[in-house]
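Below is one structure; the comments refer to it alone.
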Amino acid sequence: MKNTPTATDDDSTTTTFKRRFLIRLTAVLIGGMFLDGYILGIIGTVISTISTELSFTPLWEGLIVASTLIGILVGAPIGGWLGDKFGRKPLFMIDMGIFVLASALQFFIQEPWQLFAVRLLMGIAIGVEYSVGWPLMSEFAPARLRGRLMGLTLVAFYAGFMTAFIVGYALTTTTTIDWRIVLGSSTVLAVILFIARIGLPESPRWLWSKGRHEEAHRLAHRYLLDFADMSDVEHEHERKGKFTDLFSRRYWRATLFTSMFWLCAVTPYFAIATFAESVLESYGLSQGLGGGVGLSALATAGVILTVILVDRAGRRVLTVPPQYLCFVLLAIIGLWAGAPAWVVLVCFLAFSFFNAGYNTLTGIYPAEVFPTEIRGVGTGFATAVSRIGAGAGTFLLPYSMVNYGPQTTILMAAGLTLLGAILSHWLAPETKGKTLTETAASFSH
């Protein structure tokens with residue numbers, strides 16, 4: 001005779017249930033990052049039309065293009081701090097609610113300041129998504145799959161950025177649709193993701209770090225796929241994290257590495273990709289938008305390859321060598337004054353591919369090397385620092401192109417890439433296959 005199922009051996013604790021949950025969590029995180037990429041990319045396809053209709057000055061154009069990045073600068077550390085203090089779950093819902101509101105407001109924009117304010121709000125939501133979503137994924141994902149699952153969110157980001165180029169180009173060249181609808185198209189996905197996130201659980205690791213052991217044990221048993229990860233939850237410290245811990249003797253190297261590696265990785269990419277059309281045309285490549293789509297497509301391919309390899313080859317080999325290679329590619333463009341157009345295009349495309357590859361690690365490392373009590377704020381701080389560079393690069397690139405020329409501008413990007421390579425060579429740890437307790441110990445001495 002079969003026993004009646006109990007709360008501990010029913011369908012809610014089977015391997016199948018846990019896999020379905022992990023797939024669901026991964027899907028909503030992928031959707032959020034796709035939305036982030038779409039929002040950041042779509043503005044580039046209609047900025048000329050908006051500029052004409054709303055009578056932008058050069059200052060307004062730069063501010064509006066950079067507004068989302070500025071919002072990330074604000075939202076990431078605040079969201080990470082709140083996530084560490086009040087939990088991942090509530091912030092994960094709140095940020096998608098902000099996405100829904102801000103996306104819908106784009107349909108009603110009439111003035112430059114309104115567009116700036118709305119996209120600033122969207123940037124805040126993106127910042128919260130980074131500083132809460134990645135820690136949440138790292139705390140649920142099995143150690144053997146953690147890099148791959150977190151990396152998939154970066155695939156979604158670049159796919160979203162590329163999709164934005166394609167959708168924006170199609171809508172603006174084949175229809176007379178208003179640019180507000182082009183921007184507001186993100187609302188549909190935001191609503192779907194908001195609904196899909198309802199009912200997701202709190203992180204067992206966060207609960208344990210707050211002394212809520214019974215609840216943490218129950219959720220770990222129900223949702224974590226591997227026994228080793230369930231056991232590792234009990235190795236969490238009951239410690240109240242503070243923002244100043246990021247600069248303590250124990251964690252300053254983790255803070256320096258994650259923030260500066262990220263800054264050096266994203267600044268050249270955002271500057272070049274956002275203004276792909278004008279950058280490529282300055283080198284005599286008339287199909288600028290096509291080149292922009294090519295940059296995004298190669299970037300997506302670079303992330304996919306990294307995701308496939310990250311839990312096999314390890315983190316360091318995918319972090320350090322590609323940065324040196326990207327430095328060489330940008331140096332060729334900047335130093336070869338009479339380079340044929342095809343050489344420039346090939347170098348740009350290769351840069352986009354390899355840069356996106358190691359950019360994938362910028363979303364993996366912070367959630368691994370910081371302990372649970374400061375994982376959110378650590379990820380948020382690294383995000384904020386990176387967006388200082390990305391925002392500055394996006395805002396200053398048009399000025400630099402006009403006043404210093406494309407070659408000098410590209411050489412500046414090459415120098416920043418070299419700095420990231422040297423820093424990573426020095427500090428990047430190997431975290432492949434390790435538990436979060438072990439990865440957080442990488443810099444804690």
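At a glance:
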{"item": "Modelled FRET efficiency - R0 41 Å, residue 55 with residue 93, Cβ distances, 0.05 increments", "result": "0.60"}
{"item": "Candidates 351, 86, 370, ranked by Gaussian network fluctuation over the chain, Cα under 10 Å, top entry", "result": "86"}
{"item": "Residue (of 25, 328, 45) at the positive-pole extreme of segment 13-440, dipole from beta-carbon charges", "result": "25"}
{"item": "All Cα pairs of segment 202-247, percent lying beyond 12 Å", "result": "57 percent"}
{"item": "Pair residue 227, residue 404: separation of 7 Å Cα→Cβ label points (nm)", "result": "5.8 nm"}
{"item": "Which of 39, 78 has the fewest Cβ neighbours within 10 Å, and the rest in rising order", "result": "78, 39"}
{"item": "Packing-based order for 338-348, 380-390, using average beta carbon neighbours within 10 Å, highest first", "result": "380-390, 338-348"}
{"item": "Which of 332, 177 has the fewest Cβ neighbours within 10 Å, and the rest in rising order", "result": "177, 332"}
{"item": "Extension reserve of the residue 313-residue 14 stretch, reckoned as 0.36 nm per residue once the Cα distance is removed", "result": "104.6 nm"}
{"item": "Pairs of lysine residues in segment 13-440 - Cα separation under 16 Å, sequence separation of 8 or more or cross-chain", "result": "6"}
{"item": "Highest-first arrangement of 64-74, 321-331, 356-366, where packing means the average Cβ count within 10 Å", "result": "356-366, 64-74, 321-331"}
{"item": "Anisotropy class of the chain from Cα gyration tensor, a/c 1.5 cut", "result": "prolate"}
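Rule-based calculations on the coordinates, nothing more; no lab input. This structure is a prediction, so every number in the text was calculated from the model and none was measured. Because the Cβ atoms are built from the backbone with ideal geometry, glycine has one as well, and the counts that use them run over all protein chains shown.
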